[in-house]
Amino acid sequence: MAWGATSARLARTLRGLHTPAAARRLLWDVQHANLLRPLLKHVRDPLVQSLCLEALDVFETRVLPRLPHMRHQVVHGDLNLGNVLLQDGRVSGILDFGDMTYTALVCDIGVMIANLANAHVKGGVEEMMRMARVLLDGYTQIVALEVEELDLLGDIWLTRCATELVLSNWRVDTCLEAPERSAPDMHRFAQQLHFLLALGTDARAAGLGSGKGGSGETYELVQRRDASIGPGSEPLSYGDRPIHVTHGEGTWLFDKSGRRYLDLYNNVPCIGHSHPRVVRAMFAQASKININMRYLHAGAISLAERLIRTTQIVPRGGGGDRDLNTVCF
């Protein structure tokens, strides 16, 4: 967590840095991964080359069209174990700002996760995802991430692994790098790439906490729901064809295929799905404390007072018994 928090503090510090020199085309920058295809010929291993090609396909279809809508700023661009100073197990300094560039903030996070995941490859995909979630826990304590950023992060992580493999092989072929120096890292990045591609887009996003979509086809999810939740829950609506929802916006629900439904259930007439002020209020409160009513907290009292003003609770009979109240809207 501390590593993630350090990365977030650095990103927050760099947020106000503006310089034309940062707007450069750097091949290590994930946002330019579509420029790597001509260099794929330098990846001599056919299996690794096919993995890189598949990752670049994911980038161009899923990531590239959405990157312009993500938050951009100047970032460090290469936070890895070789670019930090440690004291008593904690990060005490950050080195090598040579990869600084102006790019999507989520690209910087993907680079950090890909670099640090190399030390967890032996534990398999579950250990890699656990490590990534711990990093994100620390990062989001300092800088909150948007749902769309989390939704893309797994694919950006994937793309960074391919970027490392393509450029490292190219550097070896052109004598810019010694094979014995890069071989161990390239092997681990290839393992990461294999694990992440096998996981699939939905599972990568869900595993990193996007809260959007999720892994599994509709029939499979019904079986998992029956096995894990059982008959104690409300039965699924619409019988044999339940609606497999992924997200909501205002009064609309969206299913896995993108079909839109007007939602007349779920108390939607009140505020709708994903109301921005409600989301901000929930985030602000959850980031501070999750508490019950046995302690004094100004937020709870302010909410109660607002509810009273909104519903205009008036004693029946103009000031009589307050146990017989009526609510007037």
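Can you tell me which residue is nearest to R44 (Cα to Cα) among those in region 142-196 that are among the hydroxyl-bearing types (S, T, Y) and over 21 Å from the mean Cα position of the chain (by Cα)? Of everything passing the filter in region 142-196, S168 is nearest to R44 (Cα to Cα).
The residue of region 138-155 that is nearest to I113 (Cα to Cα), among those that are small (G, A, S) and not in a loop (DSSP other than H, G, I, E, B), is G154. Here L56 clears all of (1) under 23 Å from the mean Cα position of the chain (by Cα); (2) outside any helix (DSSP H, G or I); (3) in contact (Cβ under 8 Å) with a residue 24 or more places away in the chain; (4) under 22 Å from L196 (Cβ atoms) except the condition numbered (2).
Report yes if some residue within region 12-19 is outside any helix (DSSP H, G or I) and at pLDDT 95 or above; otherwise report no. No, there is no match, as no residue in region 12-19 is outside any helix (DSSP H, G or I) and at pLDDT 95 or above. Number of residues in region 242-297 that are part of a strand (DSSP E or B) and charged (D, E, K, R): the value is 3.
Let's see how each residue does on (1) closer than 30 Å to Y238 by Cβ; (2) surrounded by 10 or more Cβ atoms within 10 Å (Cβ to Cβ); (3) modelled with pLDDT under 80:
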residue	(1), (2), (3)
R260	yes, yes, no
V278	yes, yes, no
Q285	no, yes, no
I289	no, no, no
N292	no, no, no
L296	no, no, no
P315	no, yes, yes
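Residue count for region 1-11, restricted to those that are in a loop (DSSP other than H, G, I, E, B) and modelled with pLDDT of 90 or more: 0. Taking residues in region 181-198 that are assigned by TED's automatic domain parsing to the domain that holds G82 and buried (at least 20 other Cβ atoms within 10 Å of the Cβ), and partners anywhere that are of a type in the set (D, E) and in a helix (DSSP H, G or I), the pairs with Cβ atoms closer than 7 Å and at least 6 places apart or on different chains are F189/E164.
Taken over region 282-297, residues that are touching a residue at least 40 places away in the same chain (Cβ under 8 Å) and over 15 Å from V143 (Cα atoms) amount to 0.
Within region 2-46, the set of residues being of a type outside the set (D, E, K, R) and more than 26 Å from the chain's Cα centre (by Cα) comprises T19, P20, A21, P38, L39, L40, H42, V43, P46.
Across region 89-108, the qualifying residues are those that are among the β-branched types (V, I, T) and under 21 Å from V63 (Cα atoms), and the one among them that is surrounded by the most Cβ atoms within 10 Å (Cβ to Cβ) is V106. The set of residues in region 66-100 that are outside any loop (DSSP other than H, G, I, E, B) and of a type in the set (G, A, S) comprises G82, S92, G93.
Counting only residues that are of a type in the set (G, A, S) and within 27 Å of D57 (Cα to Cα), region 127-186 holds 6 of them. Of all the listed residues (T163, T103), the sole one being hydroxyl-bearing (S, T, Y), touching a residue at least 60 places away in the same chain (Cβ under 8 Å) and in a helix (DSSP H, G or I) is T163.
The values are calculated or read from the model by the stated rules, or taken from the named source; none is laboratory data. Just so we're clear, the structure is a prediction, and the values are computed from it rather than from any experiment. A quick note on method: Cβ atoms are made from the backbone with ideal geometry, for glycine too, and the neighbour counts reach across all protein chains shown.
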